[in-house]
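See below for the structure under consideration.
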Amino acid sequence: MNLDESILKALRSATGTGVSGADLSNKLGVSRAAIWARIEELRQLGYEIEASPHTGYTLKKSPDVLHADDLRSRLGETDTIGRSIQVFQSTDSTNDVVQHLASGTTEEGAVVFAEEQTKGRGRLGRHWISPKSKGLWFSILLRPKTHPESAPRLTIMAAVALVEAIENQTGIEAEIKWPNDILIGGKKVAGILVELMAETDRIRCGILGIGIDVNLRRSQFPADLRDLATSLREVSGAPVDRPALAAAILKTLDRYYSRLEISDFGPIARKWEDRCSTLGREVSIQVGSRIVEGTAETIDEFGALMVRTRFGQVERVTGGDVSMKRF
Ligand code: BT5
């Protein structure tokens with residue numbers, strides 16, 4: 001744990017009471033002058049830290065910025081996800097940054113955020129708009145010990161973690177649209193992009209990319225997305241605390257990923273089914289040049305969607321674009 005992370009953690013656990021420079025210095029094994037210098041740096045970054053001779057330092061307000069040490073301090077211990085966090089002010093695509101890290105020795109669970117992406121992407125090379133400081137645009141390096149066939153499970157567990165963390169942090173109920181969309185009131189608020197580097201029988205690494213529209217106003221979406229997409233701010237009517245939401249999502253993802261790694265997929269699948277708006281509906285799914293039509297019935301043990309066609313057979317679909325035919 002570095003100094004800023006430790007200071008922020010100590011300040012957060014002393015909210016309301018404050019913590020003295022002497023206590024911080026003893027606890028962290030550095031001089032009071034060093035603590036003071038770091039507090040000054042944090043103030044420069046926008047943290048409102050009050051200093052009083054009686055109560056010591058108190059954290060009054062955190063800025064709306066993603067700061068790796070702050071995110072780590074909020075996250076605490078995790079099994080895998082968030083063991084290291086990097087934040088870029090701007091990058092092309094966080095999935096590309098993580099792909100680059102994956103070819104080195106970077107350990108599983110490394111997370112890369114960007115305040116802005118210049119070439120954020122969705123599936124099939126589609127563009128993902130990622131304006132500065134308005135959302136959470138991030139990717140996670142995973143090295144799941146599973147067969148490539150189980151890769152859809154990563155999207156399933158991420159969707160469950162997202163709706164759960166969003167609801168816990170904001171009170172907003174979101175729904176899942178198979179395979180990778182999170183919707184509120186029928187409009188897309190988040191998307192998931194899993195990219196794999198795999199051999200026939202093992203996944204070398206999976207890159208879990210997540211984009212969440214947090215504080216965009218309707219006017220900040222391109223005109224063609226205004227009726228299709230929304231943000232948490234638009235729905236709740238007030239700005240949403242991005243760093244707090246980011247930490248909550250990473251914690252929840254970590255919990256579900258640990259369960260996935262011990263093959264405890266069943267309960268995750270049940271939660272997914274509860275929150276999924278696709279099941280039980282008549283769907284038309286474009287899979288490459290083919291269209292599968294029928295009723296979306298369930299997901300199988302690998303995370304693939306089972307669709308009963310009008311001829312009565314069940315088709316197994318692992319990816320594609322869904323349109324719901326009847327509501
Ligand atoms: C997705 O693709 O929904 C996956 C999006 C993943 C984005 C994250 S951000 C961090 C990481 N780094 C990346 O480069 N990507 C990941 P798909 O299902 O193909 O949906 C793409 C479609 O969503 C576009 O064609 C637009 O119609 C729409 N779209 C684009 N930007 C959007 C936004 N910010 N919010 C809602 N919809 C958007």
Which angle between 0 and 90 degrees, to the nearest 10, do you get for helix 152-170 versus the longest principal axis of the chain when only C-alpha atoms count?
50 degrees
Heavy-atom accessible area per residue of the chain, all protein chains kept, 1.4 Å probe, expressed in Å², is 46 Å²
Fully extended, how many nm does the chain gain between Glu173 and Asp227 (0.36 nm per residue separation, minus their Cα-Cα distance)?
17.5 nm
Per its Cα gyration tensor (rounded if a/c is under 1.5, else prolate when a/b beats b/c, else oblate), segment 168-327 is best filed as oblate
Cα-based Debye curve of the chain sampled at q = 0.15 Å⁻¹ gives log₁₀ I(q)/I(0) of -1.24
I need to check one value: relative contact order of the chain, counting alpha carbon pairs closer than 8 Å and at least 6 residues apart, in percent.
14 percent
Note, ³J(HN,Hα) from phi for segment 252-269, Karplus 6.51, -1.76, 1.60, rounded to Hz, x at Gly and Pro:
5, 4, 4, 4, 6, 5, 4, 5, 4, 5, 9, 6, 9, 7, x, x, 5, 4
Specify whether the C-alpha gyration tensor of segment 144-195 places it in the rounded, prolate or oblate class, a ≥ b ≥ c being the square roots of the eigenvalues: rounded for a/c under 1.5, otherwise prolate if a/b is larger than b/c and oblate if not.
prolate
Note: segment 66-221, point scatterers on Cα, Debye, no solvent; log10 I/I(0) at q = 0.15, 0.18 Å⁻¹ equals -0.80, -1.19
Segment 168-323: relative contact order as a whole-number percent, Cα under 8 Å and 6+ apart:
17 percent
As an exercise, use a Förster radius of 45 Å and the Cβ-Cβ distance of Glu282 and Arg259 to find the FRET efficiency, rounded to the nearest 0.05.
0.90
Added length on full extension, which subtracts the Cα-Cα distance from 0.36 nm per residue, Ser25 to Ser13
2.7 nm
Helix 3-13 sits off the longest principal axis of the Cα atoms of the chain, rounded to the nearest 10 on a 0 to 90 degree scale, by 90 degrees
Over segment 130-231, what portion of Cα pair distances is larger than 16 Å, expressed as a whole percent?
59 percent
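How much FRET efficiency would the formula 1/(1 + (r/R0)^6) give for Thr298 and Asp79, where r is the Cβ-Cβ distance and R0 is 35 Å, rounded to 0.05?
Details: r = 29 Å, r/R0 = 0.82.
FRET efficiency, Thr298 to Asp79: 0.75.
For Thr318 and Asp241, FRET efficiency with R0 = 30 Å and r from the beta-carbon atoms, rounded to 0.05? It would help to have the intermediate numbers written out before the result.
Working: r = 36 Å, r/R0 = 1.19.
Here the calculated transfer efficiency is 0.25.
For the chain, what does the helix formula give at 222 nm: sum of -39500 (n - 2.57) over DSSP H segments with n ≥ 4, over the residue count, nearest 500 deg cm²/dmol? Please report the intermediate quantities before stating the final value.
Numbers: 9 runs with 104 residues, N = 327.
-10000 deg cm²/dmol, from helical runs alone.
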Under 5 Å, built H, 5+ apart or other chain: amide partners of Ile203:
Thr146
In whole Hz, what ³J(HN,Hα) sequence does segment 274-282 give by Karplus (6.51, -1.76, 1.60; θ = phi - 60°), x for Gly and Pro?
4, 9, 8, 8, 7, 5, x, 9, 6
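The values are calculated or read from the model by the stated rules, or taken from the named source; none is laboratory data. This structure is a prediction, so every number in the text was calculated from the model and none was measured. When we count neighbours, we look across all protein chains shown, and the Cβ atoms used for this are built from the backbone with ideal geometry, even at glycine. Keep in mind that these areas ignore ligands, DNA and RNA; they rest on the heavy atoms of the full protein, side chains included. Shrake-Rupley method; radii C 1.70, N 1.55, O 1.52, S 1.80 Å.
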